[in-house]
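The values are calculated or read from the model by the stated rules, or taken from the named source; none is laboratory data. Remember, predicted model here, so these are calculated numbers, not experimental data. FYI the Cβ positions are ideal-geometry reconstructions off the backbone, even for glycines, and counts take in every protein chain you see.
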Amino acid sequence: MQITEIYKSLQGESTYAGLPCVFVRLTGCNLRCSWCDSEYTFYGGRKLGLEQVVDEVKRLSPEGGFVEITGGEPMLQEREVVPLMQRLLEEGYRVLLETSGERPLERVPASVIKIVDVKCPDSGEAGTFRMENLQALSPSDEVKFVLSTKADYEFAVDFVSQHQLATRVNAVLFSPAFRKDATGARDSSHCLIDPQQIAEWMIADNVPARLGLQLHKFIWDPAVKGV
Ligand code: SF4
């Protein structure tokens, strides 16, 4: 499979934020979100076999723990990535899959925790969520909406309500988008929409969702990759 990087850091998003995690970042994405902070994954990378990836994960985290399969869009390499996830589960790792929600998810092993995006209108990729993926969600999965405008927030609230998402998954996550050229200050000044504003809307609307910040962008310079 084509891999951009494999590294160990702290999980930055989801309900697992703050926990040590190995990241396996696959190359390539078929979407072009306006605020994408992973454009460096679109091309390049190196070809690694399943055993090479597993060996690197074991080297970085021999004691087990979390592994996140991410990208780019990892499910574009479904034929290779599904056996990889299965193997990592067999090796005793807890496996997270971060995906755009555009690719079919039916063949993801049941024990993998899926963190699935639903792209909002101002991402520029509205309507790419594969509605059949709602049936593939399990109670341990999480659904994430990255917000950059009030219109995105309103779309997310409607989607959560219409599909009763809070009853289907472990967590519904609302997260402010970061400016993709963010660098320097490790604070919310780089957010395209102020987290305080999202918080106030969520409180007023009593939304059954959790506000999430990208923890790594408050720990390291937002421009730093591989953390
Ligand atoms: S799906 Fe993810 S990697 Fe692909 S363009 Fe959007 S944010 Fe970037």
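The residues of the range 166-202 that are at pLDDT 90 or above and not hydrophobic (A, V, I, L, M, F, W, C), listed by number, are Thr167, Arg168, Asn170, Ser175, Pro176, Asp194, Pro195, Gln196, Gln197, Glu200.
For Ile115, the conditions (1) closer than 30 Å to Lys150 by Cβ; (2) among the hydrophobic types (A, V, I, L, M, F, W, C); (3) more than 16 Å from the ligand (Cβ to nearest atom) all hold with the exception of (3).
Scanning the range 24-39 for residues that are modelled with pLDDT under 95 and hydroxyl-bearing (Ser, Thr, Tyr) gives a single hit, Ser38.
Filtering Gly127, Gly72 for residues that are within 16 Å of the ligand (Cβ to nearest atom), surrounded by fewer than 19 Cβ atoms within 10 Å (Cβ to Cβ) and at positive phi leaves a single hit, Gly127.
Pairs under 6 Å by beta carbon, first residue buried (at least 16 other Cβ atoms within 10 Å of the Cβ) and modelled with pLDDT of 95 or more in the range 1-23, partner aromatic (Phe, Trp, Tyr) and not in a strand (DSSP E or B), six or more apart or different chains? No pair meets every condition. In the range 197-215, the qualifying residues are those that are of a type in the set (S, T, N, Q) and closer than 24 Å to Cys36 by Cβ, and the one that is surrounded by the fewest Cβ atoms within 10 Å (Cβ to Cβ) is Gln197.
Cβ-Cβ below 7 Å, separation at least six or inter-chain, first residue in the range 88-102 and over 30 Å from Pro121 (Cα atoms) and buried (at least 22 other Cβ atoms within 10 Å of the Cβ), second among the hydrophobic types (A, V, I, L, M, F, W, C) and at pLDDT 95 or above: which pairs? From the range 88-102, the pairs are Leu88/Val54; Leu88/Val57; Leu88/Val67; Leu88/Val95.
Kindly establish whether Glu80 is acidic (Asp, Glu), more than 16 Å from Leu26 (Cβ to Cβ), surrounded by fewer than 22 Cβ atoms within 10 Å (Cβ to Cβ) and away from the ligand (no atom under 16 Å from the Cβ). Steps first, answer last, please.
Values: acidic (Asp, Glu): yes; more than 16 Å from Leu26 (Cβ to Cβ): no; surrounded by fewer than 22 Cβ atoms within 10 Å (Cβ to Cβ): yes; away from the ligand (no atom under 16 Å from the Cβ): yes.
For Glu80, the condition - acidic (Asp, Glu), more than 16 Å from Leu26 (Cβ to Cβ), surrounded by fewer than 22 Cβ atoms within 10 Å (Cβ to Cβ) and away from the ligand (no atom under 16 Å from the Cβ) - is not met.
Of Val57, Val24, all but one fail to be more than 21 Å from Ile219 (Cα to Cα) and more than 13 Å from the ligand (Cβ to nearest atom); the exception is Val57. Selection of the range 143-181 for residues being aliphatic (A, V, I, L, M), more than 13 Å from Arg210 (Cβ to Cβ) and in contact (Cβ under 8 Å) with a residue 60 or more places away in the chain yields Val146, Ala177. Residues of the range 27-54 that are touching a Ser or Thr at 6+ places or on another chain (Cβ under 9 Å), more than 8 Å from the ligand (Cβ to nearest atom) and not small (Gly, Ala, Ser): Thr27, Tyr40, Tyr43, Arg46. Gln135 meets each of the listed conditions (1) out of contact with any Gly (no Cβ under 7 Å at 6 or more places or on another chain); (2) of a type outside the set (D, E, K, R); (3) part of a strand (DSSP E or B) apart from (3).
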